[in-house]
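All remarks here apply to the structure that follows.
The values are calculated or read from the model by the stated rules, or taken from the named source; none is laboratory data. Here the structure is a predicted model, which means the values were calculated and not measured. Methodologically, a virtual Cβ is constructed for each residue, glycine included, from the backbone with ideal geometry; neighbour enumeration extends over all protein chains shown. Accessible surface areas use protein heavy atoms only, side chains included; no ligands, DNA or RNA. Shrake-Rupley method; radii C 1.70, N 1.55, O 1.52, S 1.80 Å.
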Amino acid sequence: MKRIILFVLTNLAVVVVLGVVASLLGVNRYLTANGLNLGALLGFALIMGFGGAIISLLISKPMAKWTSGVRVIDGSGSPDERWIVETVRKFADQAQIGMPEVGIFEGDPNAFATGAFKNSALVAVSTGLLQGMTREEVEAVIGHEVAHIANGDMVTMTLIQGVMNTFVVFLSRVIGYAVDSFLRKNDENSSGPGIGYYVTTIVLDIVLGFVAAMIVAWFSRQREFRADAGAAQLMGRRQPMINALARLGGMHPGELPKSVAAMGIAGGIGKLFSTHPPIEERIAALQNKQG
């Protein structure tokens, strides 16, 4: 797994930093100085929510290269490297997207695609994948990753993550204000948010953040089915992708950096937080697909 967890963690880190800066600048006090200003709070939540997601998207490719140790190749090296680059080029042309950067990283069987824009993305495969699969199976995996790019999956993930962040920030502060007001209802000299507001907000940011992560993971699982189907369409038949998934099911999937887990080929652990459906379900979906 290698794309959503680094993406989500990077996004979370950015949101936390934005939250700390907002607190230092007195934004929380402004929002609650004369009763909760819902309009200002919604604007604040939108900036916080989408700010973290968009920044995470923009830095996703360099972060993936750095955390995975990706070595970018241009096809001028070994015959295997030339074949990988030409395979990516063939699928990119079919999908009508710009030629992605192509890279190889050391590790157990896995692959991922990342990048903020369709025409300047990155497709990377692991040495374990190249050594453990046939060329046809590797080709199917590459098709799966190119399909992610063509489907605009990273942008979709950013929008979903931004919406979830916005709800988390907004709801946690509304509830935090209500709790703080209840705790301080007899304190006529109080002004601005109190300890009840800050404690409740922090706790709910964490709790609601987990709920948001489950929703984001659900959307990610649906994208995997579409990328599998996209790989089958690019190759003109389903069997290579089915074979690749079946072989991967018998391998130990490599762990990918958190920012790219959602775009990796391997499944996650834990049904609710998993960014990938079980391989058996993915194979069944391909086998049952018409055409």
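Tabulated data for the structure shown
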read-out	value
Which numbered condition Arg237 fails, given (1) modelled with pLDDT of 90 or more; (2) part of a helix (DSSP H, G or I)	(2)
Test: residue in the range 47-67 that is part of a loop (DSSP other than H, G, I, E, B), open to solvent by 20 Å² or more (accessible area, probe 1.4 Å) and touching a strand residue (DSSP E or B) at 6+ places or on another chain (Cβ under 7 Å)	no
Exclusive hit being under 30 Å from Ile104 (Cα atoms) and aliphatic (A, V, I, L, M), set Ala212, Ala150	Ala150
Set Gly115, Gly103, Gly107: member being touching a Lys or Arg at 6+ places or on another chain (Cβ under 7 Å) and at positive phi	Gly115
Number of the exception - Ala113 against (1) farther than 30 Å from Leu204 by Cα; (2) in a helix (DSSP H, G or I)	(2)
Among residues of the range 68-94, those that are within 18 Å of Glu136 (Cα to Cα) and either touching a residue at least 24 places away in the same chain (Cβ under 8 Å) or of a type in the set (D, E, K, R) (or both), counted	13
Condition broken by Ile160, with the remaining ones in (1) modelled with pLDDT under 95; (2) open to solvent by less than 20 Å² (accessible area, probe 1.4 Å); (3) under 28 Å from Trp66 (Cβ atoms) satisfied	(2)
Verdict on Arg82 being of a type in the set (Lys, Arg) and modelled with pLDDT under 95	no
Filtered residues of the range 36-46 (kept if assigned to a helix (DSSP H, G or I) and surrounded by fewer than 17 Cβ atoms within 10 Å (Cβ to Cβ))	Leu38, Gly39, Ala40, Leu42, Gly43, Leu46
Residue count, the range 68-84 (criterion: touching a strand residue (DSSP E or B) at 6+ places or on another chain (Cβ under 9 Å), part of a loop (DSSP other than H, G, I, E, B) and either β-branched (Val, Ile, Thr) or over 30 Å from Gln161 (Cβ atoms) (or both))	3
Residue check for Thr166: among the polar types (S, T, N, Q), part of a helix (DSSP H, G or I) and free of Cβ contacts under 8 Å to residues at least 60 places away in the same chain	no
The range 127-157 - residue that is under 19 Å from the mean Cα position of the chain (by Cα) and outside any helix (DSSP H, G or I) and, of those, surrounded by the most Cβ atoms within 10 Å (Cβ to Cβ)	Asn151
Residue count for the range 68-88, restricted to those that are open to solvent by 20 Å² or more (accessible area, probe 1.4 Å) and under 24 Å from the mean Cα position of the chain (by Cα)	4
Scope the range 95-120; condition under 14 Å from Ala140 (Cα atoms) and either of a type outside the set (A, V, I, L, M) or open to solvent by 60 Å² or more (accessible area, probe 1.4 Å) (or both); matching residues	Pro109, Asn110, Phe112
